[in-house]
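Okay, structure first, notes after.
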Amino acid sequence: MEHVNPDGTCPPPASIGVGQRIYALAEQLFPICRSITGDGVRQTLDILSRHVDLERHEVPTGTQVLDWTVPREWNIRSASITGPDGQTVVDFASSNLHVVNYSVRFKGILPLDQLRAHIHTLPEQPQVIPYRTSYYAPAWGFCMAHDRLARMPDGFYRVEIDADLEDGSLTYGEYLHRGWTDREFLLSAHICHPSLANDNCSGLALLATLARSLRTRQTRYSYRFLFAPATIGSITWLSRNEDRVHLIDHGLVLSCVGDAASPTYKRSRCGDAFIDRAMAHVLGREAGARLMDFSPYGYDERQYCSPGFNLPVGMFQRGVHGTFPEYHTSADNLDFIGPEHLEDSFRILTEVIDIVEEDWTPLNLSPKGEPQLGRRGLYAALGGQKSSGATSMSLLWVLNLADGRHSLLSMAERSGLPFMELAAAARLLSDHGLLAEAASEAVR
Amino acid sequence: MEHVNPDGTCPPPASIGVGQRIYALAEQLFPICRSITGDGVRQTLDILSRHVDLERHEVPTGTQVLDWTVPREWNIRSASITGPDGQTVVDFASSNLHVVNYSVRFKGILPLDQLRAHIHTLPEQPQVIPYRTSYYAPAWGFCMAHDRLARMPDGFYRVEIDADLEDGSLTYGEYLHRGWTDREFLLSAHICHPSLANDNCSGLALLATLARSLRTRQTRYSYRFLFAPATIGSITWLSRNEDRVHLIDHGLVLSCVGDAASPTYKRSRCGDAFIDRAMAHVLGREAGARLMDFSPYGYDERQYCSPGFNLPVGMFQRGVHGTFPEYHTSADNLDFIGPEHLEDSFRILTEVIDIVEEDWTPLNLSPKGEPQLGRRGLYAALGGQKSSGATSMSLLWVLNLADGRHSLLSMAERSGLPFMELAAAARLLSDHGLLAEAASEAVR
Amino acid sequence: MEHVNPDGTCPPPASIGVGQRIYALAEQLFPICRSITGDGVRQTLDILSRHVDLERHEVPTGTQVLDWTVPREWNIRSASITGPDGQTVVDFASSNLHVVNYSVRFKGILPLDQLRAHIHTLPEQPQVIPYRTSYYAPAWGFCMAHDRLARMPDGFYRVEIDADLEDGSLTYGEYLHRGWTDREFLLSAHICHPSLANDNCSGLALLATLARSLRTRQTRYSYRFLFAPATIGSITWLSRNEDRVHLIDHGLVLSCVGDAASPTYKRSRCGDAFIDRAMAHVLGREAGARLMDFSPYGYDERQYCSPGFNLPVGMFQRGVHGTFPEYHTSADNLDFIGPEHLEDSFRILTEVIDIVEEDWTPLNLSPKGEPQLGRRGLYAALGGQKSSGATSMSLLWVLNLADGRHSLLSMAERSGLPFMELAAAARLLSDHGLLAEAASEAVR
């Protein structure tokens, strides 16, 4: 473990790299059997609550949420298949992927032929266990490695699933970091997957760590963190918050943020929202990064971007869900994610938050010709050198575009310079009385 | 002949492939000597009338049509050149390309040197006969293979062209398939070329077959089919129908639709008319298909897209006119076109008509979040599978974009899914009460 | 020298090619030690005045110009470094680049260690002298080849700079070619660099030659030629002409127009001004030509395009300043520029002026269908030929787009045909009564 000192002691948290802290949290979340409802979600929120002061919501079974109804709550204690020889073939205790998520209680003895109809494997990846669910159709089933199934002899098998599907509630966690304004940045990660490390222990751990890191920061925006089951969770939240979604100016859904693939951003439905432009700017400086257009398939951006809401919410991930072979299998384990990738994802989110926080629209108070920067000590006094440093270029770009119709982000887009370099230049020029804030920030 | 059964009998028309039926009709049209006026046009319309109930128009010589005047009518009976040895060098009877179209009557004996000024060849394609016309400048001339000319010995040649250029009329045919509305889709093919199979026996035969196929179809649009000589014919039609061109919502000019080249669409002058988008969508799914911008050179789209009309009329062809070596030569014969290519062209036009007919703008009646498709039996009940089938994607795209500002065609453009797949999804959703028709279809 | 006859006599100016005339003028300008003020500028204007009747302006030291103040005037007589052995190490007389431009007077004996702090070299180009300035920070310094510095032995060096930095004035020259209208085309070249041939003896000589060539031409636009020091010169001009900059419809800054690189155009700040489109059209037909977006670093376009003016002024050059190794060094000498490149630059500017002068918005007076060109002798009478000549295409394009919403330049952009070919077609059609001038030329 990288976050244990060579002498075996644990360093104080602050001295551990943020990637290692996120990884350690993901490790804690990994073993829990989560689903869209049930105690696994509650245990997960218990752990996250050690890092950030979560508000927990319990929404009773049967509650109408938009077009949906909160389902019965599912809890599982054990499940196994025992072979004709009395040997245990699969055991929920060894991997919670072995049972189809939301399987109903079952106990019986079946011949292999009948049992097979309830067993899911991946013939093309014969050594991994697939992940399957059956939330809305009552059924039971097992998932296992195809190779193991192939070795199962004919005969009668004892099957036992000790699970409850009963009235209860749907659980989700929420944390609001209050800024100076009530305009919101929504960050959302799904909490419903069992032992899949990248999808989405990585997202949950990253989001909790990001929320914690904001606690000491004064921000313009309020940041809302949502840890909720996919689809039904975001639908439940939207249903209970219809009157306040108009406050959301920016949003990101996070999943699969810990693997080795290059960062990927999927645009919001509108496609050129501020968050889309900010992510494009940040990823534009990352080698191999991908930008994808919105499509109505993926994670909870499907709900946030449904036409009745059409929120400016994009999705951030590394490996594109559904395209890497480990996706939704037992190969999406703790070896598939790494602290360095989690740290990289954290850094990217921090840069985007910096843009959201730091963007403003300056107005050049000396707009006719360039102001004499040299007189103000803002410019290399000795001319004629072959190249002007980046800082000089930032000053010149900000002055040139500070006509009240360009925010710093649009200056970054036009100049190709990093946002933060332009932000620093704008601060410097502002300090020298050369810039004022444009009357309205309407134009960005 | 592919449309003859192995036992030599002819199958009933319905059982012949449409490509073969179009080819058989082109075969019938091929031998006729057409021009911009004259009995060749009338014979062609006679044949086409066996397939579709054409209205025939005769417009007298001298009629003012826009900036033009209907010319005298040309009819030719025979033409030949006889050599010094009494041998026939060229004979109109063997190919109607041998005589410059619209040649005036001539009879005389000329030395080769003088005759040469009246002979057109293609030195770079020495074995084919070129096609030449002289509609508006009274002249006479012959076209022949360059090799044949090279072999003609010096001496005196007897030349005889038995043709009339007299007051008469310009002839064109028209067929209107009436739809529920009087908004029109104009389909136009030029009827003036003599024995050139691709240019344009193919277009004439395809259009007549398409008109026939519509007879049993209830359509929203009215479909106007025009079989008229190039330039002067469309100008005459426009001149006589100025008060009704405002009804034309879509239009296509057809020529060269039977050769082996990939399909080509040339956009209308406005460039993003519905027909331009529909053709781009259909051809976007055809390997090797070409989209070309409008230019004022080509066929009758020149007239329909003149600035005073600016109709949404594009042009569909396979080989691009003027670029393939067979163009306007005797090599554009029945071997140059094929039933399979005609069938492919027919299919493409049918798909475009389907888009024109089936496009509508749905409104999602459950626009907040996704509606629960599973409850309605519209979605695979077992989640977690790696890929969702195309049908599920169509349902999701339609629901997501059904905000009243996207027609099915714009959904197809944005999603990259086939129009008909989205149309099927929209029908299904509509049947389940999830979609209504948006108040106005103005926005597409 | 190419412009001397084989027999040693000088040919009369008119018979020399324009490239050679521009080169000869650049040769005359090259030896002069220019700066942003001083007698070098006046000598340069004296020479240019032999070609074009310049108005000369003297603006006193201390005059407030926009955010700047006209500096003291600098004049230098001599400067040298003498080594411990009494040998002259560098001498201003051998190259005016040896002294930092605007060096203050200095006389003293220094050990090499102290002297080194005042010496500028280019270690990566050890044989060339760099060009350095210190306009606004009083300082003295020398520039020399790095190899020469490396050979200087330890010891005491005698340094002498005989220069004045005193109240005087800033000098610039201006020439206005009056057209029928008072709308202006501004052409501006910086006059402040000492012996650098490409940057900008080439621009000064080209501009003076262009101004001279216009004297006999009746133009629609008035052409303002400005020969002023970079930055402070254009700022001074803008400050004194704030009330008339609204007359400027087009503008170009010229520098580095004599080297062998392909022509380069840097767009104005607005990016799609008429001058941007005209230059893009002309350079679109030049192999290897480059179009660059505006950036606020370069020459006086920085001032013209400052947000308070935002004039439609682009920049024309060949090698991109700051990117070729000769830039701002003694290698930018008369061998680096050539008459053929100067002539090519001259031709390009002439073509752009032709577009500016000849653009108009025609209206098709026979807009329904094509007018019958053949009847008017405007079209090949014999149809059916494989390709229509470019002239026919120009006629068809002009007629098709002459809807009052396309100027000739936008026709050139859409058709891909050369502007002048369309202009010729428009003239021909106009002569035949087929075109009128659209009511307003507002739309281009």
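The values are calculated or read from the model by the stated rules, or taken from the named source; none is laboratory data. As the structure is a computational prediction, the values presented were derived from the model and not from experiment. So basically every Cβ, Gly included, is an ideal-geometry build from the backbone, and we count neighbours across all protein chains shown. We work out accessible area using only protein heavy atoms, side chains counted, and drop any ligands, DNA or RNA first. Shrake-Rupley method; radii C 1.70, N 1.55, O 1.52, S 1.80 Å.
Might you let me know whether the range A:177-200 holds any residue that is within 19 Å of residue A:325 (Cα to Cα) and of a type in the set (D, E, K, R)? Quick ask: steps written out before the conclusion?
Looking only at the range A:177-200, we keep the residues that are within 19 Å of residue A:325 (Cα to Cα), and these are A:193-200.
Keeping just the survivors that are of a type in the set (D, E, K, R) gives A:199.
For the range A:177-200, residues within 19 Å of residue A:325 (Cα to Cα) and of a type in the set (D, E, K, R): present.
Scan the range B:393-436 for residues that are within 11 Å of another protein chain (Cβ to nearest Cβ), in a loop (DSSP other than H, G, I, E, B), surrounded by fewer than 23 Cβ atoms within 10 Å (Cβ to Cβ) and small (Gly, Ala, Ser) and jot them down.
To start, the set of residues in the range B:393-436 that are within 11 Å of another protein chain (Cβ to nearest Cβ) comprises B:393-406, B:411, B:414-417, B:434.
After this cut, where a residue has to be in a loop (DSSP other than H, G, I, E, B) as well, the list is B:402, B:404-406, B:416-417, B:434.
Going one step further and asking which of them are surrounded by fewer than 23 Cβ atoms within 10 Å (Cβ to Cβ), we end up with B:404-405, B:416-417.
B:404, B:416, listed by residue number.
Select, from B:271, B:314, B:322, B:298, the only residue that is within 11 Å of chain C (Cβ to nearest Cβ) and at pLDDT 95 or above.
Numbers: B:314 fails: within 11 Å of chain C (Cβ to nearest Cβ); B:322 fails: at pLDDT 95 or above; B:298 fails: at pLDDT 95 or above.
So the residue among B:271, B:314, B:322, B:298 that is within 11 Å of chain C (Cβ to nearest Cβ) and at pLDDT 95 or above is B:271.
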Checklist entry - Could you count how many residues in the range A:225-243 are open to solvent by 20 Å² or more (accessible area, probe 1.4 Å) and either in contact with a helix residue (DSSP H, G or I) (Cβ under 9 Å, 6 or more places away or on another chain) or away from chain B (no Cβ under 14 Å) (or both)? => result 2
Item to check | Pick from the range C:34-47, criterion out of contact with any Lys or Arg (no Cβ under 7 Å at 6 or more places or on another chain) and surrounded by 20 or more Cβ atoms within 10 Å (Cβ to Cβ), ranking: farthest from residue C:299 (Cα to Cα) | outcome: C:38
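Residue by residue, here is whether (1) surrounded by 17 or more Cβ atoms within 10 Å (Cβ to Cβ); (2) more than 20 Å from residue A:229 (Cα to Cα); (3) not acidic (Asp, Glu) holds:
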{"position": "A:259", "(1), (2), (3)": "yes, yes, no"}
{"position": "A:262", "(1), (2), (3)": "no, yes, yes"}
{"position": "A:269", "(1), (2), (3)": "yes, yes, yes"}
{"position": "A:278", "(1), (2), (3)": "yes, yes, yes"}
{"position": "A:281", "(1), (2), (3)": "yes, yes, yes"}
{"position": "A:291", "(1), (2), (3)": "no, yes, yes"}
{"position": "A:306", "(1), (2), (3)": "yes, no, yes"}
{"position": "A:309", "(1), (2), (3)": "yes, no, yes"}
Next on the checklist: Just to check your reading of the model, which residue among B:390, B:439 is at negative phi, at pLDDT below 85 and within 13 Å of another protein chain (Cβ to nearest Cβ)?
Outcome noted: B:390
Next on the checklist: Going by what's in this entry, would residue C:251 be described as within 16 Å of the chain's Cα centre (by Cα) and either at pLDDT below 95 or hydroxyl-bearing (Ser, Thr, Tyr) (or both)?
Outcome noted: no
Next on the checklist: If a residue counts only when it is not assigned by TED's automatic domain parsing to the domain that holds residue A:233, which strands (runs of 3 or more DSSP E) contained entirely in the range A:41-102 have at least 2 such residues?
Outcome noted: A:73-82, A:88-91
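Could you tell me which of the residues A:76, A:109, A:81, A:119 is of a type outside the set (Phe, Trp, Tyr), under 28 Å from residue A:333 (Cα atoms) and without any contact (Cβ under 8 Å) to a residue 60 or more places away in the chain?
Just a single option satisfies the conditions, and that option is A:119.
Every residue, every condition in (1) more than 26 Å from residue A:326 (Cβ to Cβ); (2) in a loop (DSSP other than H, G, I, E, B); (3) within 14 Å of another protein chain (Cβ to nearest Cβ), yes or no:
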residue	(1), (2), (3)
A:126	no, yes, no
A:135	no, yes, yes
A:139	no, yes, yes
A:149	no, no, no
A:153	yes, yes, no
A:157	yes, no, no
A:160	yes, no, no
A:165	yes, no, no
Item to check | Search result, residues across the range A:327-362 that are aliphatic (A, V, I, L, M) and open to solvent by less than 20 Å² (accessible area, probe 1.4 Å) | outcome: A:337, A:342, A:348, A:349, A:352, A:353, A:355, A:356
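Residues are listed down the side, and each one gets a yes or a no for (1) among the small types (Gly, Ala, Ser); (2) crowded, with 19+ Cβ neighbours inside 10 Å; (3) not assigned by TED's automatic domain parsing to the domain that holds residue C:216:
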position: C:145; (1), (2), (3): yes, yes, yes
position: C:148; (1), (2), (3): no, no, yes
position: C:154; (1), (2), (3): no, no, yes
position: C:161; (1), (2), (3): no, yes, yes
position: C:175; (1), (2), (3): no, yes, no
position: C:180; (1), (2), (3): no, no, no
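Given the criterion closer than 18 Å to residue B:339 by Cβ and at pLDDT 95 or above, identify the matching residue among B:207, B:187, B:176. Steps first, answer last, please.
Values: B:187 fails: closer than 18 Å to residue B:339 by Cβ; B:176 fails: closer than 18 Å to residue B:339 by Cβ.
Among B:207, B:187, B:176, only B:207 is closer than 18 Å to residue B:339 by Cβ and at pLDDT 95 or above.
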Item to check | Cβ-Cβ under 7 Å pairs, at least 6 apart or on other chains, the range B:358-373 side at positive phi, far side open to solvent by less than 20 Å² (accessible area, probe 1.4 Å) | outcome: B:369/A:235; B:369/A:238; B:369/A:303; B:369/A:306
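Each row is one residue, and each column tells you yes or no for (1) farther than 30 Å from residue A:364 by Cβ; (2) open to solvent by 20 Å² or more (accessible area, probe 1.4 Å).
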residue: C:30; (1), (2): yes, yes
residue: C:49; (1), (2): yes, yes
residue: C:63; (1), (2): no, yes
residue: C:70; (1), (2): no, no
residue: C:78; (1), (2): yes, yes
Checklist outcome for this item: Considering residues that are more than 13 Å from the chain's Cα centre (by Cα) and either among the acidic types (Asp, Glu) or not in a strand (DSSP E or B) (or both), the number found within the range A:168-191 is 9
Checklist outcome for this item: By residue number, the members of the range C:110-119 that are more than 14 Å from chain A (Cβ to nearest Cβ) and either in a strand (DSSP E or B) or within 19 Å of residue C:33 (Cα to Cα) (or both) are C:110, C:111
Checklist entry - Can you name the number of the only condition in (1) touching a strand residue (DSSP E or B) at 6+ places or on another chain (Cβ under 6 Å); (2) under 30 Å from residue B:391 (Cα atoms); (3) surrounded by 18 or more Cβ atoms within 10 Å (Cβ to Cβ) that residue A:320 fails? => result (3)
Item to check | Qualifying residue in the range A:95-109 (condition: in contact with a helix residue (DSSP H, G or I) (Cβ under 9 Å, 6 or more places away or on another chain) and more than 14 Å from every other protein chain (Cβ to nearest Cβ)) | outcome: no
